[in-house]
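Colleague: Take a look at this one; I'll ask things after.
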Amino acid sequence: MKGTFKPGDKLFVEKLPLSQIKRGDAIIFSNKNKSKDEFVVHRVVNKGPGGLVTRGDNNPYQDKELVTEENVIGKVARRERNGKIYKVWGGGLGILKAKALHGRIQAIRVLKNFLGKPYRILKKSGIIPRIWRPEIETIHFETRDGPLIKYVHKGKTVAMHWTDKNGWWYRQPYDFIIGPKIKINN
């Protein structure tokens, strides 16, 4: 439920029977496919005779499995973030919030497609590394999968390199300045 909740949020749950949960409510339930100790928080997008159809606010697709009475823990009523408590909107307002988040996801996809070619051209040109030189810290790790290098800027990991596999992960726009062809020295 990225967009609605953030890591570290404290959720306050009301224990409710399935019959009192409405379309648009954010609920917490145990995952059928996993152990009872793993929980999921998603929004109810539809109710049916077999259970609830759910979807995360940041997910483009509905969950495949119906949520049944035995899996429901309750409705998320409030969340606490940085010492402040906020109401979690359910019902029609919850659906509107979810639709706004889905609209944002679609807009980002369209922009990525639209701006993809100019982005690649700009990256290939090599102009950005000449004008943007952030201080990037490199941290070397030994993992059970082999050596790993993390690239950190202002406390956030912006790229990772698995040296044995020559595998890369980047946070954009750091792929302009970090990569297989560019050497960074600290």
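Colleague: So if I place +1 on the C-beta of Lys and Arg and -1 on the C-beta of Asp and Glu, and nothing else carries charge, what would the dipole magnitude of the range 128-176 be about its Cα centre? I want it in debye, nearest 20. Don't jump to the answer; show the numbers that get you there.
Modeller: Working: 8 positive and 6 negative charges, 44 e Å.
Computed charge dipole of the range 128-176: roughly 220 debye.
Colleague: Moving to a separate point now. Based on DSSP H runs of at least 4 residues, each adding -39500 (n - 2.57), what is the mean residue ellipticity at 222 nm of the chain after dividing by all its residues, to the nearest 500 deg cm²/dmol? Don't skip to the answer; put the middle values down first.
Modeller: Working: 2 runs with 39 residues, N = 186.
-7000 deg cm²/dmol, from helical runs alone.
Colleague: Are any of the pairs Lys10/Lys123; Lys75/Lys112; Lys6/Lys150; Lys124/Lys156; Lys6/Lys124 more than 31 Å apart by Cα-Cα distance, and if so, which?
Modeller: Working: Lys10/Lys123 41 Å; Lys75/Lys112 35 Å; Lys6/Lys150 23 Å; Lys124/Lys156 25 Å; Lys6/Lys124 35 Å.
Exceeds cut-off: Lys10/Lys123; Lys75/Lys112; Lys6/Lys124.
Colleague: Which log10 I(q)/I(0) values, to two decimals, does the range 74-186 give at q = 0.13, 0.24 Å⁻¹ under the Debye formula with one point per Cα?
Modeller: At q = 0.13, 0.24 Å⁻¹ the computed log10 ratios are -0.78, -1.29.
Colleague: So what is log10(I(q)/I(0)) for the range 128-176 at q = 0.18, 0.19, 0.26, 0.31 1/Å, when the Debye sum runs over its Cα atoms only?
Modeller: The Cα Debye sum returns log10 ratios of -0.57, -0.63, -1.00, -1.19.
Colleague: May I pose another question? With a cap of 10 neighbouring Cβ atoms within 10 Å, and only residues DSSP puts in a loop, list the trypsin sites (Lys or Arg not before Pro) found in the range 36-108. Let's see the in-between values first.
Modeller: Working: sites: Lys36, Arg43, Lys47, Arg55, Lys64, Lys75, Arg78, Arg79, Arg81, Lys84, Lys87, Lys97, Lys99, Arg104; in loops: Lys36, Lys64.
Taking the range 36-108 and a limit of 10 other Cβ atoms within 10 Å, the loop trypsin sites (Lys or Arg not before Pro) found are Lys36, Lys64.
Colleague: What angle, in degrees between 0 and 90 and rounded to the nearest 10, separates the Cα long axis of helix 91-125 from the longest principal axis of the Cα atoms of the chain?
Modeller: Tilt relative to the chain: about 10 degrees.
Colleague: Pop a pseudo-label 7 angstrom from the Cα along the beta-carbon direction at both Phe114 and Ile149 and give the gap in nm to one decimal.
Modeller: 3.7 nm
Each reported figure results from applying straightforward, stated rules to the coordinates on display, with no laboratory input. Note that the coordinates shown come from a computational prediction; the quantities given were computed from them, not determined experimentally. When we count neighbours, we look across all protein chains shown, and the Cβ atoms used for this are built from the backbone with ideal geometry, even at glycine.
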